[in-house]
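These notes are about the structure you will find just below.
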Amino acid sequence: METRGDRECAARRYLEKHRIMELLNHLTSVLLFFQPEKPRDYLIAVLERLRLAKLTGVSFPFFMDNSNIVAMFEMMDTSGRGSISFVQYKEALKTLGLCTADEVLNDDGHSITLDKFRHEVSL
């Protein structure tokens, strides 16, 4: 007989194996960032692009225009210094699905400018 703890462990392994929490976090982040008029339709379109990307072997097309990139950068640059920390930069890339939580990014000790952020996000 399976115990509650066994079912919870099995559920956790399933979520980790299929990266469900990462997917849900990504969907929630892009939904809140873009705030589309029809959120369900938008999420369906994002999931369809993910499905097509997986079928064709093409990386997921994440499109942001310059105004979106600038707006996101300015949200993180609350002091208006024109730069953000490496931690903010990495979290933004993870939120946008441009790097994974376990991906190693090299911190060169310099703050991240809008130009560098724009370059990385629009690759």
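Mind checking which residues of segment 88-114 are free of Cβ contacts under 8 Å to residues at least 12 places away in the same chain, surrounded by 11 or more Cβ atoms within 10 Å (Cβ to Cβ) and either out of contact with any Ser or Thr (no Cβ under 8 Å at 6 or more places or on another chain) or more than 15 Å from PHE33 (Cβ to Cβ) (or both)? Of everything in segment 88-114, those that are free of Cβ contacts under 8 Å to residues at least 12 places away in the same chain, surrounded by 11 or more Cβ atoms within 10 Å (Cβ to Cβ) and either out of contact with any Ser or Thr (no Cβ under 8 Å at 6 or more places or on another chain) or more than 15 Å from PHE33 (Cβ to Cβ) (or both) turn out to be GLU91, CYS99. Identify all residues within segment 19-54 that are outside any helix (DSSP H, G or I), of a type in the set (Lys, Arg) and within 16 Å of the chain's Cα centre (by Cα); write none if there are none. The one that is outside any helix (DSSP H, G or I), of a type in the set (Lys, Arg) and within 16 Å of the chain's Cα centre (by Cα): ARG19. Among the residues making up segment 67-123, those that are assigned to a loop (DSSP other than H, G, I, E, B) and either in contact with a His (Cβ under 6 Å, 6 or more places away or on another chain) or under 30 Å from LEU47 (Cα atoms) (or both) are LEU96, GLY97, LEU98, CYS99, THR100, ALA101, ASP102, GLU103, VAL104, LEU105, SER122, LEU123. Checking each residue in segment 3-18 for being outside any helix (DSSP H, G or I) and either open to solvent by less than 50 Å² (accessible area, probe 1.4 Å) or more than 30 Å from MET72 (Cβ to Cβ) (or both) picks out only THR3.
The values are calculated or read from the model by the stated rules, or taken from the named source; none is laboratory data. For clarity, every value in this text was computed on a predicted model and none was experimentally measured. Don't worry about glycine lacking a Cβ; one is built from the backbone with ideal geometry, like all the others, and counts go over all protein chains shown. In case anyone asks, the SASA skips ligands and DNA or RNA and just uses the protein heavy atoms, side chains included. Shrake-Rupley method; radii C 1.70, N 1.55, O 1.52, S 1.80 Å.
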